[in-house]
Every structure is written in C-alpha cells, then in structure tokens.
Amino acid sequence: MSQRTFFTYVAGDSPLVRLHPLPKVTLLLSVNLVALIIEAPIPLLLLTIMLALSFKLLRVPLIGLKKFVIVVLIASQAVLISYLLGSSIPGSQVYYTYPWGAYVSDMTLLYAATMIMRYTSMLLGSTLILATTTSRDIVYGAAAFRLPHTIALMMSLAFRTTTIFVEDFIRVRDAMILRGANFSEGSILERARKYANVFTSMIVIALRRIMEIAYALQAKGFGAAPKRTYYREYKLRISDVVITLTLIAGVLCAYVLRYYVGFLAFPGWLPSV
Amino acid sequence: MGEAVRIRDLWWRYGLGQDWTLKGVDLTVREGEFLVIVGPSGAGKSTLCLALCGLIPHFLRGYYRGEVIINGRDTRKMRLSEITKIVGIVFQDPDTQFVTMSVEDEVAFPLENHGVPREEMIKRVRKAMESTKILDLRDKYPHELSGGQKQRVAIASILALEPEILVLDEPTSDLDPVGKAEIFSMLAELKKSGRTIILVEHNMEEAAKYADRIVLLREGKITVDGSPRKVLGDVEKIKSMGIYPPQVTELAHLLSRSNGVNSELPITLEEAVDWLREMGARAVKVFDGEHYVRNAGDPVISFNNASFVYPDGTLALNSINIDFYRGEFVAIIGQNGSGKTTLVKHIVGLLKPTRGEVRVFGKKTTEMSIKEIATRIGYIYQNPDHQLFCQTVYEECAYGLRMLGLGESEIKKRVGDILEKVGLGGLESVETFLLSKGQRQRLAIASVLVMDPEVVIVDEPTTGQDMAQSLSIMNLLKSLHGEGRTVIIVTHNMRLVSEYAERVVVMKAGNIILDGEPRWVFSQPARLKEALITPPQITQLGHVLVGEQFSPLTVYEAASMIRLGE
C-alpha cells in the first residue's frame, strides 16, 4: 500500500519509507549538509547524479520533480548571471573584463556550473525529504534526537502547510488571471507589482489559517501534559543505529576533507580554514 | 438530569473590536441534551462556541464579563487543558483542524498531548474510530477524504478524549446532502451514549429530527429558546429572524393558514406525511414527467468528448458531452470530488482537456488565452478570500477594468453602478479585509460582474451565508439571468437548485449522469442516490405522498398543488 508523504505518494515498501525516523531524518539532513560542504565540481556532479538516481532506487515518483524544474531553471539562471556579472575568480583564461572590475574567466564558468550543481543537488535532496517524509517521521525523528515536541510539531506543520499555501497561491494567481492579469507580460517592476497583489491576499489567508490551526491545537490540548506520550512505538534496530552513525561520520568526513584537506574544495582554491 | 453548562450574563468583546459580540447571554444546557444554536451571520454563534470550550478567555484576548460554568466550575478558574478534557470542539473547516498525515495519528494526537498512557490510547483511538465508522480509513491521508469523512475524522479526534460535552460549529456547511445526513445520524448515535451535544447549524430540516432544543442567537443575545416544535412552528417569526424553517413546516403553515386549520405543525418529513394524511390532503395537479432540455440556438459553451486526467492519474472528467446555451440558469450538482469544479475550470480555461475539446463561443479553449475568455465569462470562487487581492473595495472592482484598458471615467462609472447593485455602495474606500464574510462574497461577485461577462459561473454561492445573505446573492444572480446572461452555479444546496435553476446537471465520478429540468431530475431519486444526492425536502414529501410524478420544487408550488379536506 502506498503512503502519503508531505509531497506525494510513495510505495509502502520503498526502502526509505520503511526506515526508522531517526536514520531517515539523519539521511535527509546529511544529504543537504554534504551538498553545502562540497565545492569541487566532480564530487558535486556525482552527488547530483546519485540523488537523481535515488529517486528511482527509492521508488519516489518522478512527477514530484516536475514542479521543481522551473525553480531549478530560474535559480540556475540567477546563479549564472550573478557569477558572470559580479565575480573575479582567477583562471587560466580571461574572456571578458567589466568596467567595474569584475571579469569572466574559465574558472568563473566552472564555478557557476558547480554552484548550479550544488543548488540542484540541494533541491533534489529537499524534494526527496518532501517526497518521502511524513509528519510522523518529523515528530518521531525529532523525539529520537531529544528535540522539544513544540519544535518538531512546528517543523511538521510548516512542511504540511507549505503545500496548502502553494495551493492558495495558485488560486489567487488564477483569480487575477481570470480578471485579465498576465504574469508573463510587462517589465520586472510590473510583474513584481502583480505578485505583490497575490501576496496581499496570501497574507490575509495565511493569518486566518494560522488562527484556525492555533484554535485546533489548543482545542486538542496541545502542551496540556508536562510529559507527552506517543501512540506509535518505533524500535530502533542495530541497523538503524549503524546507518545513523555512518551518515554522521560521512558528514564529518566531508567536512574534514573540504576544510582541512582541501580535497572537496574548488580546484585552485586554498582550504577556507 | 443535571446541568452540563450554565452561562450567566456573558459579555465578550474582541481585543480590537469596537462592539460587544456577546451581549448578556444566559443559557443552561442539561446533561445529555442535544441543543442546536441558530442565528444569522455575525450573531455571535462561533464566539459562543469559543467561550464554551474555554478558548475565550484563555487563548483569545478581549473584554469578558459574566461566567461560563462547566460541570459546576467557572471556566476562568480552570486551566484550558482541563476544559478540553470535558468540552470537545469541532470547527467548520476540517482541513485546518488536521495536524498529522494519517487518520489514526490524527485521532491519537489529542491523547498524546494529554499524556494518556499508550495502552489506554490504543483502546480509545479504536473506540473513537469505531463509533464514527472510520476504522477502515485509519491509514488514509485526512485531506484526501470526502467532506463527510473528514468531519467524522475531526469528530473522532475529539471523541478520543471522551469529552462529556461536544460542541460543533457548523460542521456540515461544506458537505453534500449525504455527507450532512451522515454527520447528523452519527450525532444522534452519540447522543444515545449520553453525551451533551451543542451544535451550531443552518440546516433546520436535519436539526429538527434530532434536536431536543433550539436557541436563536441574534446580535449577541438569545432571542428565542424552546423545543424544535415551538421554535420552528413559529414560521413567520423565525423567517423574520433570517432562518429557513423546514420546508414541510412552511408548507403546513401555508396550508393551515389558507384552510383555517389550527393544529400543531409538523417539523419532519415523517410528521408532515402523517399530518397531511390526517388533514385529508390530496394532490390536485401532477406532472407528466416529460424530459425537458433547452436547446435554443447555438451553444455558448460546448464539451465534445472532453476528458481530463490530473497529473496523479485521477480521471476527473470522462468523455463529457454537454452544451450550455445563452440565457440558461444551470445548477451543477454532485458529491464532493465528482468533477464539478474541474468542469467549470475547463469553461474558463484554467484547465484544458487532456482529450477531446471544450469550445467557448465557438472557439476551442486551447486556442484562446484565459484573458480572452475572461472578458466574456466570469468565474466567482467559493471562498472570496481567494479572489480579493486589492486594498480597497474600489480598487478591487477597478482591477479587471484596468486590465481591459478602460479609461478612468468609465471605470468610475462602472464600479459605482456595480457596487450599488450588490449593496456595497458608499464603501468604496473601505479596506477589503475589514468587510464581513457576506460583504466579501458580494464584493467578489461585483469584481467579476463589473467586467460585464455574458456568462457568470459561481462556485457554492451561499456556503456559510445565512438566509438573508443567501437570498440576496441568489436574487442578484436571478436578476443577471433576467438580463439574458447565462448563469451557472455549482452547489450542494438543493433548495436553491429547485427554487432558482431551470436546468440541473448531476455529476458522478467525472461523468454526467442526469441533465434536465429540476423537476425531471428530482423525480429520479434512485439515480440521484447513485450521486449521493437527495432531492429537496418538499420534493421528497411529494414522492412519499403521491409518487415520483408529484415533484413540487418549492413550498409555494406544493401549497398550490395540495388541497386539504374531503
């Protein structure tokens, strides 16, 4: 039987769905941390490919990625433009120098491509989180980490309400389109103004929703008992502990390699520490 | 029976509010009583519910006078967590009450909060799911259940705490007729178990079957308090207070008055059948049951074998073939998730068919921009908040006209005219979020009508509105229809359908299963049952009394077709 996650449905026998919340949350956090640490193009490319393949291995429907393709494209364009216009990365060949001192070298292009890979891999990692995690994982995973339940619930609600707010956003935007607004026309300022209208409405809707959620939480006795109990009982197996420790070790290893050995740093750059 | 609740001279004003919302409410509810609270919008019903469950004054800030006594204790002197164990509350919108992602987790959530031991929790969660008949839904994602199922989950999660008092704030307002009936029959079962039930409800036909007592709240005060028979039997009075009485009660009232009968009025369908038989009622007119389909000129909207599949694989429209003609007033009905909204989104171009075609004014929607369609077809959402995005009432109405490129003097004239028409004249400079829900709904309608569309589509025009507001909106739509415009409404309210629509389209699982004039559609209860629709109460009465060839659509029509005596 398939299981509903924050984002989609995943086959109930997917390896990630069956994992204990502790290693699951650790895995998903470590993927993003490693993507932040690595700055070398080849390892980042490998990580990106590995994450893309894991969609198949973990049996996460690729439809989940579709919604993010446009985000990846916009973010990639923004990254590329910012590095092309405003960076001064030394390279073996300089293609263009701007009056304000910035220049485009072969390393600028390589670094921009590396950053695009970093954001893509982080986006893939985050999509995997949304596509394979339930509010139960967040709550029980946080409890395993001994985090306060309030924080766990807020994290879980933030993920869940994100999808609701996205739906609200689409409805308001559609209402504007139905009254003649065209979001793909006009200058950047005009488009920004149209989106500002959407957000005006979104703020009102969000405030109402937040109030209703707060009522529901209070009515359900949130925070009533000094010590909360848990309905589900998860047994931490040795394999879960091994996976968690391996993942933590992996993140630490990446950190040491990047900042102390310089192995995962961008080529030609000195380690930051 | 002892007292479950006693409210003494309760006054409440919200922190930022100018006026008192509750103005000296006095109310006593006995243990095991099923109390229904009715009243027009803005009467203070929801506020009273918040006071009953302790959110006022423990969570909301404002000015409080008087007292609310629960089981002999003043709620101000109790902790909120103590109150929530005794009083459970279910709100109108179940979606915003869910905090987890499975039905079973949702039911367990309040118990976890109260620190109930796991073994005890397992027993209570099962019991709550059994009593609300959701055991087979335990692994489902709450947000994807039907409206009725969602509310049952919301109720189960409160019942798990085993509260003695259950407060429900309009839990059926978004539900289809069968969903409503499910909730009421479940509440009746809960009453049998001895629970005190306090229900805010607009639907007097269902309330009359189950309530022990009805109180009418108006402008923050209780103005009527009595048995359903006493309250609903005073038809003129409750109508003057903005409440729809059951249709059968209204019919008996009209017949009694015209025939000089002075007897106790029936308040349920079964009672009405007995009452009419006792009075020697006979039908003086029946219908031939002829199937009517309007076919006047070229259609303005055509679906030709149109199918639509959502990205997750859900078939929402299945080879639909239907035409809508100029000047029609059409109601689209069907249970939640039957494809009604998907259908109308195809008309305005928000969705394009994955197979087949949809034509608007003869042109394929795939070849038109949404803007082009929007100049001729207006679409009004169910929730006005999704449609209002400007700061002031004037700006909201002017937005679409500016997009059309009209001059400021023309805009000013059109906005002024439309605001007068919807009863919002003089509020041009008011900020939209300061309007009441009824006013926001009318503004949403005005913001679309100002663009002078030939076709107006309204999704659930009267959800959450009281009788006066509903009538005001429906009469506005009727006047637009009178001007020759095509009006299409999507609704669960069968009373409105029978009173206003001239054609009814019934949908089930992406298919159109019935299409014709209301009388023809409502005279087929077996087919309607497939779509989980029940005809209006007055039509059901005709069916029971005479048969399906006797399908009155309104109370006045029924009164003109029935004679007492002999």
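Under the classification rounded if a/c is under 1.5, otherwise prolate if a/b is larger than b/c and oblate if not, where does the stretch A:192-273 fall, given a ≥ b ≥ c as square roots of the Cα gyration tensor eigenvalues?
oblate
Which whole number gives the average count of other chain Cβ atoms within 10 Å of the Cβ atoms across peptide A:155-164?
Taking the mean over all residues of the peptide, I get 2.
Would you calculate the separation in nanometres between label points at B:E454 and B:K230, each defined as 7 Å from the Cα along the Cα-to-beta-carbon direction?
Each label point is offset 7 Å from its Cα along the Cβ direction, giving 5.8 nm.
Counting partner chain Cβ atoms within 10 Å of every residue's Cβ in B:89-96, what's the average?
Going residue by residue through B:89-96 and averaging, the value is 4.
Are there any trypsin sites (Lys or Arg not before Pro) in the stretch B:250-285 that are in a DSSP loop and have at most 15 other Cβ atoms within 10 Å? List them by number.
In loop regions of the stretch B:250-285 (DSSP not H, G, I, E or B), the sparsely surrounded trypsin sites (Lys or Arg not before Pro) are B:K285.
Obtain the nm distance between the two label points defined at A:T162 and A:M211 by a simple spin-label model: each point lies 7 Å from its Cα along the Cα-to-C-beta direction.
Calculated label separation equals 2.7 nm.
Using every pair of alpha-carbon atoms in the stretch A:95-237, split the distances into 10 Å bins beginning at 0 and state the percent of pairs per bin, rounded to integers.
Result, from short to long distances: 9, 22, 24, 23, 16, 6, 1 percent.
With viscosity set to 1.567 mPa s at 4 °C, what whole-number translational diffusion coefficient in µm²/s follows for the protein assembly as shown from Stokes-Einstein and a Kirkwood radius over Cα pairs?
This corresponds to a translational diffusion coefficient of 43 µm²/s.
Can you give me the Cα centroid spacing of the stretch A:38-62 and the stretch A:171-241 in angstrom?
For the stretch A:38-62 versus the stretch A:171-241, the Cα centre distance is 29 Å.
Taking R0 as 25 Å, what's the FRET efficiency between B:E31 and B:E120 from their Cβ-Cβ distance, rounded to 0.05?
Here the calculated transfer efficiency is 0.55.
Order of B:T491, A:T150, A:T229 from fewest to most other C-beta atoms within 10 Å?
The fewest-first ordering by Cβ neighbours comes to A:T150, A:T229, B:T491.
Give me A:F183, B:F91 ranked fewest to most by other Cβ atoms within 10 Å of their Cβ, as a rough exposure proxy.
In increasing order of surrounding Cβ atoms, one gets A:F183, B:F91.
Only four residue types carry charge here, +1 at the Cβ of Lys and Arg and -1 at the Cβ of Asp and Glu. Report the dipole size of the stretch B:184-308 about the Cα centre in Debye, rounded to the nearest 20.
340
Modelling each spin label as a point 7 Å along the Cα-to-Cβ direction, I'd like the B:K133/B:V430 distance in nm, to one decimal.
It is 4.3 nm.
By counting other Cβ atoms within 10 Å of each Cβ, how are A:F199, B:F34 ranked from fewest to most?
So the ranking, lowest neighbour count to highest, is A:F199, B:F34.
All of the numbers you see were taken from the coordinates with simple rules; none came from a lab. Note that the coordinates shown come from a computational prediction; the quantities given were computed from them, not determined experimentally. No Cβ is skipped: glycine too gets one built from the backbone with ideal geometry, and neighbour counts run over all protein chains shown.
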